[in-house]
Each structure stands twice: as C-alpha cells, then as structure tokens.
Amino acid sequence: MGIYGRYLGPRLVRCLCSAEDIATERAKVVPLARGTVLEIGFGPALNLPFYDETLVERVIGVDPNASFLKLGEAARKQARFPLEVVRAPAEDLPLRAGTIDTALVTYTLCSVDDPLQSLQEIRRVLKPDGKVLFLEHGLSSDPAVARWQHRLNPLWRPLAVGCNLIRPVVSLLQEAGFAIETVEEYYLQGVPRPVGYLSRGSARPRAAAGYRAVAEIASAGT
C-alpha cells in the first residue's frame, strides 16, 4: 500500500463520508441499533455519535484497515457505552455464532473484498431474532445510471481506497440469506447519481423470518 492508500486516501474518504448530508442519513439508521451491536467497517468511528446509549449494551467495531482505525482514535475515547475494536476482515469475523443482536453496515459493502461472504458472516454471528441495519450506496436500478457506474468504477475504486460503485446491495443481502424487512432506495440530493444511489433499511436472517411466520399462523389458529 503506497502513501496515498495509507495516508491521503483514508482522509479523503473520511471527509466525504462525514459530510452533513451523509450524517443526516446515518442519523436515520444508527439509533435503531440495540443490544450487542456489531459494526463492520468501523474505521474512523463516524457512527458513534448517533447510537442511542439507552438501547445499546456494547458495540463491537470491526475493521481490517489500520489507517482507517487510526483516524477514529479520538472519537472512540468519547464513546458513552462499552466499545471493543477488533482489527479483522468482515469475511472472517472472530466472533461466536449467534451472539449479536444488531449488525450495522454503513458505507462498507462497497469496499469489502467479498461482500457476499461478509454478509454470510454477519448472518452467522447474528442471533436468530437479530437484524442487520444497512445504509449503503451501490448499483442503481436505472440502467442509464448503472452504465455510467460501470464506466466510472475502474477510476473511482483506486481513488476511493477500494470503494466500488457497482455492488447491488439488496440483491447481495437476499443472496446471503436475509429477508428484507424494510428498504428505501433513492438518490442522495446534491450528489452525482453514479455515486449517490442509496439503499437504507433492515433485514433479518431468512430462517428467523420463517419461524416468525409459522409462529404467527399457529397463534392465529389458537
């Protein structure tokens, strides 16, 4: 990793991801986290101010990138709840299965090496009734915008330290075994459409969703 990837790139990404309009979007998702929370792509700790400390028992922040984690050192000292930071890839989480209440994924699926494996790992560590909250940018549903995303991605990816424009967020969640509970897909205002197509919502492990449906049917029959 050169000077740009180690020092300049992470600072540029932090600057972009801490913009006011993006912070506004974070504030719609992060406060919904509760219990034991896993946050992948924890890096510069941009989500910390938005957690509801009355709902969170502890947060486990996972990130493999030492440069991004260093940028969050000062913010971590301000945490109002137990916080553990683990340097590890999302594709191989050093956590026991079925131990997480909420997984938080914000602006991270774009840059992990293997988004499908990362989501499958999240599903593994979630409790059966756990959920994943997501706020991600990715591949647009508009073919014209998607074509531009594919054209720009080879240039954007090295500039944004591994960030991709062309990952289909909702499809990846479904393929990894999640049932989508809520989802909104839209363009962030004031941002070029190829980099501003967002997916925000929540999902549960598909098996858990199935168990709830069976339970509801059984309850209705009694």
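In table form, for the structure just shown:
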read-out: Neighbour net charge for Pro82 - beta-carbon separation under 12 angstrom, K R +1, D E -1; value: 0
read-out: Taking N as its residue count, the alpha carbon Rg of region 98-199 over 2.2 N^0.38 Å; value: 1.10
read-out: Distance cut-off 20 Å, percentage of C-alpha pairs in region 144-204 lying past it; value: 34
read-out: Within-13-Å neighbourhood charge of Asp142 [Cβ basis; K, R +1; D, E -1]; value: +1
read-out: Cα convex hull volume per residue for region 16-81 (Å³); value: 79
read-out: Semi-axis lengths, Å, region 5-139, gyration tensor of Cα atoms, sqrt of 5 times eigenvalues; value: 21, 17, 15
read-out: Accessible-area composition of the chain, carbon plus sulfur, in percent [1.4 Å probe]; value: 56
read-out: Arg157, Arg26, ranked by accessible area, largest first (probe 1.4 Å); value: Arg157, Arg26
read-out: Spin-label pair Arg151/Gln189, simplified geometry with 7 Å Cα→Cβ offset, distance in nm; value: 2.8
read-out: List Lys127, Lys77, Lys28, Lys70, ordered by accessible area with a 1.4 Å probe, largest first; value: Lys77, Lys70, Lys28, Lys127
read-out: Per residue convex hull volume, Cα atoms of region 55-104, in Å³; value: 86
read-out: Arg76-Leu116 pseudo-label distance in nm [points 7 Å out on the Cα-to-Cβ vector]; value: 3.3
read-out: For region 123-172, accessible area per residue (1.4 Å probe, heavy atoms of protein chains only), Å²; value: 48
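The values are calculated or read from the model by the stated rules, or taken from the named source; none is laboratory data. If you're wondering where the values come from, they're calculated on a predicted model, not measured in any experiment. Glycine also receives a Cβ, built like all others from the backbone with ideal geometry; neighbour counts cover every protein chain displayed. The area values use the complete protein model at the heavy-atom level, side chains included, leaving out ligands, DNA and RNA. Shrake-Rupley method; radii C 1.70, N 1.55, O 1.52, S 1.80 Å.
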